[in-house]
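Data first, discussion second: the structure below is written as structure tokens.
The values are calculated or read from the model by the stated rules, or taken from the named source; none is laboratory data. Just so we're clear, the structure is a prediction, and the values are computed from it rather than from any experiment. Here the Cβ positions follow ideal geometry from the backbone for every residue, glycine too, while neighbour counts run over all protein chains shown. Heavy atoms of the whole protein, side chains included, go into the accessibility calculation; ligands, DNA and RNA do not. Shrake-Rupley method; radii C 1.70, N 1.55, O 1.52, S 1.80 Å.
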Amino acid sequence: MNVNEIREKSRSVIGPYCKSCPVCNGKACSNKIPGPVGAVSQHYSDLYNDNMFNEIYVRACAKSGIAAFTGDGLNEEIMIHATHAIKENKGIGVPTIKPWDKDTCFKKLDLANESNAFAIAMDIDAAGLPFLQGRIPPAGRKSVEELKEIIDYAHVPFIVKGIMSVEGAQKAVDAGAKAIVVSNHGGRVLDGTPATACVLEEIADQFKGQVKIIVDGGIRSGLDVFKALALGADAVIIARPFVNMIYGGKDEGVEAYVQQLGQELENTMMMTGVSSLREVSKKNIYK
Ligand SMILES: Cc1cc2nc3c(=O)[nH]c(=O)nc-3n(C[C@H](O)[C@H](O)[C@H](O)COP(=O)(O)O)c2cc1C
């Protein structure tokens with residue numbers, strides 16, 4: 001099956017909120033699906049629970065030559081299963097921890113360290129998510145010193161996800177992050193938040209080479225990947241389209257989408273006369 005057929009198939013098993021649109025752009029599902037779309041059975045359909053979903057997701061990404069970022073939530077089983085899946089796949093995956101209190105972070109980091117994951121992330125912007133407010137364990141903002149203590153506890157490079165400003169990037173670097181993710185958590189967390197494409201260039205201009213720069217939010221094609229690299233990213237995360245691929249085609253869906261992205265990226269490089277990803281620069285995009 002190709003990507004279109006897999007997306008078509010996902011439409012029959014997903015819903016009612018997600019419409020498996022030809023391009024996942026947040027329009028048809030506005031106000032129905034949050035940006036951070038963990039709890040797949042609630043947001044997509046009960047074909048999978050988070051543990052079943054993560055098992056396929058981590059395995060299929062590792063097989064396709066990319067790494068899955070797994071999520072975290074109030075249900076501690078999610079992180080336990082996700083880190084187990086990463087361990088099963090030789091550490092190819094990035095457990096992403098919510099900004100809990102220090103003791104909970106250390107417990108989650110024990111799981112992540114034990115999984116042999118090649119990197120660990122924290123979605124620091126989840127500090128403001130309504131569903132985490134006033135809950136046990138508590139989650140919330142971190143000072144640079146608090147974040148540094150958490151980062152020092154990890155055995156592998158630490159990625160701070162949810163950076164939208166130069167000031168935020170500086171704090172992540174000061175705390176010891178080896179990479180940042182320029183992300184607005186899918187654009188559904190705070191109205192009026194700019195698109196990541198609007199802030200990426202300024203952040204990259206300041207921090208390129210000091211810290212790896214990853215970006216997410218609405219990246220859907222190889223052409224989009226090219227644009228992100230041209231604006232200064234070292235890598236991208238693509239999230240929601242993979243849900244459709246897994247619902248419609250499990251491992252085959254992930255493989256087909258990754259192949260398509262690679263082909264589109266190659267075509268874009270050919271059309272712009274770029275022969276290596278290192279060469280991609282601002283000069284290649286029309287602003
Ligand atoms: C199934 C699923 C679960 C997610 N869970 C998390 C999470 O736990 N933590 C997080 O930082 N982001 C989470 N996200 C958000 C994505 O990492 C990403 O920031 C956001 O969806 C924007 O990318 P996109 O437009 O390509 O979907 C999740 C996304 C998906 C699809």
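Looking at segment 114-132 only, could you name the residues that are out of contact with any strand residue (DSSP E or B) (no Cβ under 8 Å at 6 or more places or on another chain) and either more than 15 Å from the ligand (Cβ to nearest atom) or under 18 Å from Ala85 (Cα atoms) (or both)? Glu114, Asn116 - these are the residues of segment 114-132 that are out of contact with any strand residue (DSSP E or B) (no Cβ under 8 Å at 6 or more places or on another chain) and either more than 15 Å from the ligand (Cβ to nearest atom) or under 18 Å from Ala85 (Cα atoms) (or both).
The single condition among (1) assigned to a strand (DSSP E or B); (2) open to solvent by 20 Å² or more (accessible area, probe 1.4 Å) that Pro95 does not meet is (2). Among Arg220, Arg240, which is in contact with a helix residue (DSSP H, G or I) (Cβ under 7 Å, 6 or more places away or on another chain), within 13 Å of the ligand (Cβ to nearest atom) and among the basic types (Lys, Arg)? Unique residue meeting the criteria: Arg220. Set side by side, the residues Ala204, Ala175 differ, and just one is more than 19 Å from the chain's Cα centre (by Cα), modelled with pLDDT of 95 or more, open to solvent by less than 10 Å² (accessible area, probe 1.4 Å) and away from the ligand (no atom under 12 Å from the Cβ), which is Ala175.
Cβ-Cβ contacts under 8 Å between residues 6 or more apart (or on different chains), taken from a first residue in segment 190-216 that is without any contact (Cβ under 8 Å) to a residue 24 or more places away in the chain to a second residue that is of a type outside the set (A, V, I, L, M, F, W, C), are listed as Ala195/Asn184; Ala195/Gly187; Ala195/Gly217; Ala195/Gly218. Taking the conditions (1) among the small types (Gly, Ala, Ser); (2) closer than 26 Å to Val211 by Cβ; (3) part of a loop (DSSP other than H, G, I, E, B) in turn, Ala126 satisfies each one other than (3). You will find that of Ser20, Ser41, Ser12, the residue that is farther than 17 Å from Ala112 by Cβ and open to solvent by less than 50 Å² (accessible area, probe 1.4 Å) is Ser20 and no other. Looking at segment 46-63, is at least one residue assigned by TED's automatic domain parsing to the domain that holds Leu109, crowded, with 17+ Cβ neighbours inside 10 Å, on the phi < 0 side of the Ramachandran plot and among the small types (Gly, Ala, Ser)? Scanning segment 46-63, I find at least one residue that is assigned by TED's automatic domain parsing to the domain that holds Leu109, crowded, with 17+ Cβ neighbours inside 10 Å, on the phi < 0 side of the Ramachandran plot and among the small types (Gly, Ala, Ser), so the answer is yes.
Scanning segment 207-239 for residues that are within 20 Å of Pro22 (Cα to Cα) and outside any helix (DSSP H, G or I) yields a count of 9.
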